[in-house]
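No value in this document is a laboratory result; all are computed from the given coordinates. Computed from a predicted structure; not experimentally measured. Every residue, glycine among them, receives a Cβ derived from its backbone with ideal geometry; neighbour counts consider all protein chains shown.
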Amino acid sequence: MTFTLLISSQKGGVGKTTVATNIAAVLRYYGNPTLLIDTDIANPSVTPFLGISSFNYGLKELLDNDSIELKDAIISYQQGRFDILPAAANPEHYYVFNDEKLSKLYNKIKKLDYKFIIIDTAPASFIEALSKYYDEALIVTTPDPASVLGASRLSKVYQKHHMNHRLIINRVEESKFEMKREDIEKVYGDVAYAIIPEDPSVKEAINKMIPAYIYNRGSPFSIAIENIARAYLLKAGSSESLVFEGKAPEKRKQSFIDKLKEAFGKKQ
Ligand SMILES: Nc1ncnc2c1ncn2[C@@H]1O[C@H](COP(=O)(O)OP(=O)(O)OP(=O)(O)O)[C@@H](O)[C@H]1O
Ligand SMILES: [Mg+2]
C-alpha cells in the first residue's frame, strides 16, 4: 500500500519544500521507495533546491501532452536516491489544474511501486477533487500571526473534507518576538504535531544543493525531520497508532556507526 502525504500551507515561504524534500530523504534513507512530486508549477522549487536543471518533462508537460509517459518525467535523484516528479520543465506564471486529468495521473502514480508519495504544493493551492488521494496532510506554519491564521483556516478546509491533518511549526527560534507554541495552538485550535527549529544548516545544504538531512544527519533540523518521518514509517508499515510527542528536538551526537555509514555511503 502506498502512503500519500500532502505538504501544504496557506501562506507562502514557510518551509513546505524544505520539509517535503527532507521527509522524502529520510523515508528513502530507511529503505522505502519514495516519490517526491512538486506541484508548484508557477514556482518549482524542488529541482532548483537540489541543483537539478536538465530534464525535459514535469507534471505540467504530463498534463498538457497525453503522448508523454510518466516514466519519462520521473527523475531518479542520485544523492537522495528518492525519485522526483518535477513540476515543469517550462514553468508557467499562472497555471490552473485540470482536476480530471490530475486525478487520472494520480491514479496512475498510485499504481507504481512506491511506499511513499510526498507532495509538495504551492501556497493556498488545495484542490478539493484530490482530497481522496491523500492519506494525510501536514500544514506547515512559521511562528507568526499571518502564517498561523492561514494554517487555522486551512485546517478548517481539511476538516470539511474529512482529511487527516497535522500542524508543523517550522523555523522556531524561541525568541521573545515570535509566537509561543501555546498561543499558536490556541489560534489553530489543536496541538502542534511537531516543532522544527530554525537551523543554519538548512541554508548551508541549499547552498550545496542537497537535502539538509543528507548534508548533516546530526543537525537539530535533521533530528526533528527524522522524528516526523519515522512516525510515518510506523504508520505506513503497520496499523499501529501514531505515538509522537512533538517535543523540540535535542542535539544528537552522531554514532560511530552513523559516521562509518556516511563515510562509506551505506545509506540503508
Ligand atoms: N528550519 C529551517 N531553518 C532555517 N531555514 C529554513 C528552515 N525551513 C526553511 N528554511 C528556509 O526558508 C526558506 C523558504 O523555505 P521553502 O522554500 O521550503 O518554503 P516554501 O513554503 O516551500 O515556500 P513557497 O511557498 O514559496 O513554496 C528557504 O530559504 C529555506 O532555506
Ligand atoms: Mg515551496
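Run down the aspartates and glutamates and flag those whose C-alpha is under 20 Å from the C-alpha of residue 180, throwing out any fewer than 8 positions away in its chain. Reachable aspartates and glutamates: 144, 190, 198, 199, 245, 250. Using R0 = 45 Å, the C-beta based FRET efficiency linking residue 71 and residue 149 works out to 0.60.
Can you give the net charge of the other residues whose Cβ lies under 13 Å from the Cβ of residue 90, counting K and R as +1 and D and E as -1? Overall, the nearby charge balance is -2. Only DSSP H runs of four or more residues enter the estimate; each adds -39500 (n - 2.57), and after division by the residues of the chain the mean residue ellipticity at 222 nm equals -11000 deg cm²/dmol. If you add up the charges near residue 139, with Lys and Arg at +1 and Asp and Glu at -1, over every other residue whose beta carbon is less than 13 angstrom from its beta carbon, what do you get? Residues close to residue 139 contribute a combined charge of +2.
Within straight-line reach of residue 71, meaning a Cα separation under 13 Å, sit the following aspartates and glutamates at least 8 residues removed in sequence or on another chain: 61, 83, 113. Electrostatic bookkeeping for residue 43 treats Lys and Arg as +1 and Asp and Glu as -1; over the other residues with beta carbon under 13 Å from its beta carbon, the sum is -2. The slack between residue 54 and residue 124, meaning 0.36 nm per residue of separation minus the straight C-alpha distance, is 22.4 nm. 3J(HN,Hα) along the stretch 71-81: 4, 7, 9, 7, 9, 8, 7, 5, 5, x, 6 Hz, from the Karplus curve 6.51 cos²θ - 1.76 cosθ + 1.60 with θ = phi - 60°, whole Hz, x for Gly and Pro. For the listed residue pairs 132/160; 60/208; 60/156; 111/132, the alpha carbons are over 19 angstrom apart in 60/208; 60/156.
Label point of residue 42 set 7 angstrom out along Cα-Cβ; within the stretch 52-88, amide nitrogens under 17 Å from it belong to 60, 87-88.
Take 204-217, 181-194 and order them by the average number of nearby Cβ atoms within 10 Å per residue, most first; the result is 204-217, 181-194.
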